[in-house]
Amino acid sequence: MASLVRISWLIALFALVILNCMLLTSYLSTQPIMNMVALQKSQVNETAEIAKNRPDMYLTLWLHQVHKWFRDKTEGKEKVRAFIQEAKASGFSAIMTNVPWAWTEREEQNDIRIDTFDKDFMDVVCEERLKLHIVLGLNEFPPWVSAQRIDSQNYSEKGSRHQNCAKRDSIPSPALAHPEVWDLISNFVSKVTWKLTTKYGDCIESISPTVNNEFETRYTQEFDKMRDYSFHSLETYRRWQESKGLKPIDAFDYPCEPVCRPIVDQSESLHLWLMFRQEFLAKKYEALCFLVHTEWNLERNQGTTPSCLLHFGEFFATTDVLNSNLLFYLARSPVVDHVVMDSNMALLGAPSSPSIVGVMVSTAKAYGKTVHYEAATERVLPCTDDGKLQQVQNISILKAGAHLLQEGLQSAIDAGVDCLGITNLCAPKAAVDMMPRKTRPNHEAFSGFGWFGGRDLRALWRFLFLVIRDGWHDMWCISDRLLASRVCKAAGFWTCAELPTWHMWQGHGTASVAKIVGGIGQASRQNSSRW
């Protein structure tokens, strides 16, 4: 009997050991899965936290891309919807697109059709509860303004008359100095603004008028050919000089040469011509923004106010002398509400420091506008004609380019940007990996000299000293005394009046940063620890 009891206890103990082993094995086998689930939950929570703190984001989808990427008439609309839904799932809250004058008022004046040629894809954006930023593309005449009329009436801008420009063809674009052209453009902007805001209501976040071939706020860009030398532009220049009590002189004939080696010229004719071009074009864009405000249908926009957006490409750059830099005038305007800073991390084919993005954003933030930074992806993530990402042979270059864009986005966030934009990306979800992990502004990166300091101040000095070293002149045409004062103070001067060239900054005229930085260079050599 006793032996049976002992055997029973042994069997029970053996069964208990086996059960514990089974439980331990089960635990060990499920632990990696549990760890993976916990990691996934952590990553989801981290991603959600990042998305929560990240600035608003928009994705561009231009009309020509709608035509190329979704050209299948039977499935095109559903493909557009899938694209918009993917953008929304990837964290984008708005789509930026364009409404071209040439494809909207196509048949005759005042016959404005905002639904034709697939422009009604904007309906899908609003149905998916995303916002719209609409660019009014005014850089091409509609067909009813005939080529013969454009030529005979001098409706188009003209490039420089310099002798080495004679054999270069010009891109036709409306000459804003021509009173009839200005009336045509003003009429279209007024009527299309009313139609768009009436149809889409508070789905519209902003409207952006532009006469530039790159949708920017500057003269038409032709690499190395300055504009506008049309008859009416030159007449306006003559009257502008007379209004200032000056004896009119001819416009400076800027040569068609690469802007990486710009002309060094101290002549009065160059300075006056640059000053006029900047002031004239800035006032035209301010007038277009005024029309956006006055023609906005407020009855259909109970939750929003009229918003005019203007896009500024790479500035503090050698191309400013050709294309103009209007930021410092227009950012002060009460009818300009949004400003977009733009960089593709490369100017004239050479990569630039991501810190320059912070310089641009922090400069714009000083004016109290809603500031966007737009990263162009077409060089890093190129797309095929049917809207698919291209297979890139050199993965190292691809990763390096993506990292460069990511650092630029981080620099924008550090500077306190309000909104991030991604342009020319055919796969919205590819933007997720491009976004920085840190989403809160790094105010320490912009301390020391107010909004113009820290890391980006040093980056700007590097650029400016290169300007002095290479003899560049009048490439950074800044007409903002507030910026000038802060640059001078940061360099060791209590006021810019201590500089021998301060008179160049009086009023709103064009000034050469190279001259100002000449004094800054002396200060930096005397106070090397400051840098």
Review point. What is the spin-label model distance, in nm, from TRP144 to GLU407 if the labels are put 7 Å beyond Cα along the C-beta direction?
Key: 5.2
Exercise for review: Please give the FRET efficiency for GLU107 paired with GLU242, using the beta carbon to beta carbon distance and R0 = 35 Å, rounded to the nearest 0.05.
Suggested key: 0.25
Point to revise | Using θ = phi - 60° and Karplus 6.51 cos²θ - 1.76 cosθ + 1.60, couplings along the range 182-198 (whole Hz; Gly, Pro as x) | key: 4, 5, 4, 5, 4, 4, 5, 4, 4, 6, 6, 4, 5, 5, 5, 6, 6
Point to revise | Extension reserve of the ILE171-SER269 stretch, reckoned as 0.36 nm per residue once the Cα distance is removed | key: 32.7 nm
Point to revise | For HIS311, distant residues with modelled amide H under 5 Å away | key: THR217, VAL340
Exercise for review: Would you mind checking the range 273-302 for residues with the amide N under 20 Å from a putative spin-label position 7 Å along Cα→C-beta of ARG332?
Suggested key: 273-290
Check your understanding: Counting only residues 5 or more places away or on other chains, whose amide H sits under 5 Å from the amide H of ILE204 once H atoms are built in the peptide plane?
Key -> LEU132
Point to revise | Spin-label pair ARG161/ASP115, simplified geometry with 7 Å Cα→Cβ offset, distance in nm | key: 5.0
Exercise for review: Would you mind getting me the FRET efficiency between SER190 and LYS388? Use the beta-carbon distance for r and R0 = 35 Å, nearest 0.05.
Suggested key: 0.30
Review point. Using modelled backbone amide H atoms (1.01 Å from N, in-plane), which distant-in-sequence or interchain residues come within less than 5 Å of HIS162's amide H?
Key: TYR254
Study note, to complete from the structure: Once phi for every residue in the range 331-340 is put through the Karplus expression 6.51 cos²θ - 1.76 cosθ + 1.60 (θ = phi - 60°), the whole-Hz ³J(HN,Hα) values, with Gly and Pro written as x, are 5, 8, 6, x, 9, 9, 10, 10, 10, 9
Practice item. Pull up the cross-link candidates among the aspartates and glutamates for LYS68, meaning alpha carbon to alpha carbon under 17 Å and not fewer than 8 places away within one chain. Key: GLU78, ASP118, ASP120, GLU378, ASP385, ASP386
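Each reported figure results from applying straightforward, stated rules to the coordinates on display, with no laboratory input. These numbers were taken from a predicted model, which means no experiment stands behind them. Using ideal geometry, Cβ is built from the backbone for each residue, glycine included, and neighbour counts are taken over all protein chains shown.
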